[in-house]
Amino acid sequence: MIPLAEAEAYVLSHCPPLAPRPVPLDEALGCVCAATVAASEPVPPFVNSSMDGYAVRSIDTAAASEVAPVGLRLVGTVLAGSTGSVPVGSGQAARIMTGAPLPDGSDAVVMQETCQLEDDGTVVVLEQPVRSGSCIRTIGQDVATGTTVVAAGTELTPGHLGSLANQGLSEVTVHPRIRVGVLSTGDELATADMALTRGQIRDANRPTLLALVERQGWVPVDLGTVGDDAAEVAEALDGAAGRCDAVLTSGGVSVGDADVVKTVLRERCDGSMRWMQVAIRPAKPFAFGILEGSGLPVFGLPGNPVSAMVSFELLVRPAGRRMGGHRHLHHLTVPATVVGDIRRRPDGKTHYIRSVLTIEDDGAWRVRPLDGQQSHQLSVMAEANALAVVADGDGVAAGGTVSVLVVAPDRLHGSTGPA
Ligand code: AMP
Ligand code: MG
């Protein structure tokens, strides 16, 4: 057996980042920016109001008080998008809406909630002075020209996409979203439209792995199901060239008589193929190689559904993130207090215990191992949001601390709020 870190290092060394290319902004969410973008335009592009109210000359309001209010004559209205000018002279004010350009002559805005209208709405009355610059957004206050909008290496969030749009850009150069083919192998696999005959099972891995790919923000490519037949497996892998950046197979990498995936990879990968026994449970067997000709990395995952998922999280995910240009390759890991014992026997392997991780009202992370830790028990994995990492030995007693990988951050929930 080899340590997980060694298996991961081998895979990572064969999965360099994909070449950057420009993509439309609406395809870039979650991708990694490959070239720093500097601002060519200031944001905001002009001085404007941050409130609905009245644009004034602050000097006119300097003496305003409750006993001696100041009245300013309204000379017009500026709306967001107004192009006309409504200059404000001494003793005057203009009605102004949020986002409207500040009229010439004015240097402050007073919120409408803090003043009154008189004389049939033609005069605005203030009972206190307004500071120059109040309720005003200056040019470049958000982004000054020449400053960095998005640095190379940044994982693009919705806010980054908006900031790029603020620069008048419709594209951004990123490491493209990787396209990942998923192929199931096994003579026993039946599709959903077939009635099961004796010895057959449903193909659970393909939809599971396609969905794991999608959850990473990658593009899933369904390569179908083939039997335990070397020619069929080879043909399916050849068919992935040009359509995929990587391929995941499940089944056929163990020590059984029909484990043909490892045979095909050995033949087709020209020396780069490695068949590994990784010192983890589940997901010990794993094969990896780069297909000769197409250069496609192929991840041979084990057939047991939980093993396939864990192998995905521990080996495929970091490699795919590297291909996508991400700097952070690993799951968020938190130290958590174990609820109930986690018992195990020494076997030379690190165990990844399917668990539910919660953050309690007292701020502590707690991890509850789920019942049913065998590698075919997909229904249990389906409930897990985390994998507790239990080192070789006799396990962890209740109240002890373990490191926990958050594999499903979207399934981490806090308090449900007021009852
Ligand atoms: P293998 O790795 O091919 O020896 O398969 C290990 C176990 O996983 C066997 O019980 C298989 O029947 C099962 N298995 C293989 N492929 C799938 C799949 N696509 N969906 C569900 N179970 C599978
Ligand atoms: Mg099999």
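The values are calculated or read from the model by the stated rules, or taken from the named source; none is laboratory data. This structure is a prediction, so every number in the text was calculated from the model and none was measured. Backbone-built Cβ (ideal geometry, glycine too); neighbour counts: all protein chains shown. The accessibility values were calculated without ligands, DNA or RNA, using every heavy atom of the protein model including side chains. Shrake-Rupley method; radii C 1.70, N 1.55, O 1.52, S 1.80 Å.
Some values worked out for this structure:
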read-out	value
Hydrodynamic radius (Kirkwood) for region 282-389, which is based on Cα pairs only, to one decimal in Å	15.6 Å
Acute angle (nearest 10 degrees) that the helix 205-215 long axis makes with the longest principal axis of the chain, alpha-carbon atoms	20 degrees
Region 6-155, relative contact order [Cα under 8 Å, separation at least 6], %	36 percent
Lys, Arg +1 and Asp, Glu -1 on Cβ, resulting dipole of the chain about Cα centre, debye, nearest 20	920 debye
Under the Karplus curve 6.51 cos²θ - 1.76 cosθ + 1.60, θ = phi - 60°, whole-Hz ³J(HN,Hα) for region 139-156, x wherever Gly or Pro sits	4, x, 4, 7, 9, 7, 3, x, 7, 6, 8, 9, 7, 3, x, 7, 7, 6
Label-point separation, residue 132 to residue 63 (7 Å along Cα→Cβ), nm	1.9 nm
Qualifying trypsin sites (Lys or Arg not before Pro) for region 126-184 [loop in DSSP, other Cβ within 10 Å: at most 15]	131
Cα long-axis angle, helix 230-240 against the chain (0 to 90 degrees, to the nearest 10)	20 degrees
Candidates per trypsin sites (Lys or Arg not before Pro) in region 322-419, loop by DSSP, up to 12 other Cβ within 10 Å	327
Listed residue (377, 350, 337) projecting farthest to the positive dipole end of region 267-419, Cβ model	350
Rounded tilt (10° steps) of 4-13 against the dominant C-alpha axis of the chain	70 degrees
Overall Cα dimensions of the chain - principal axes, largest extent first, Å	96, 52, 42
Paired Rg and Dmax values of region 70-206, which use every Cα atom, in angstrom	30.2, 93
In Hz, Karplus ³J(HN,Hα) per residue of region 332-338 (6.51, -1.76, 1.60; θ = phi - 60°; x = Gly, Pro)	4, 10, 10, x, 9, 7, 7
Mean Cα-pair separation over length for region 161-239, i.e. relative contact order, pairs under 8 Å, 6 or more apart, %	35 percent
Relative contact order (percent, whole number), the chain, Cα cutoff 8 Å, 6+ residue spacing	15 percent
Ellipticity estimate at 222 nm from DSSP helix runs (n ≥ 4, -39,500 (n - 2.57)) divided over the chain, nearest 500	-4500 deg cm²/dmol
Rounded if a/c under 1.5, otherwise prolate or oblate - region 153-237, Cα gyration tensor axes	prolate
Antiparallel %, DSSP beta bridges [both residues in region 189-345], to 5	55 percent
Nearest-10 value in Å² for the accessible area of residue 185, using the 1.4 Å probe	10 Å²
Global form of region 182-288, assessed from the alpha-carbon gyration tensor, a/c cut-off 1.5	rounded
Overall form of region 340-382 per C-alpha gyration tensor (a/c, 1.5; a/b vs b/c)	oblate
In region 1-110, GluC sites (Glu not before Pro) in a DSSP loop with at most 16 other beta-carbon atoms within 10 Å	66
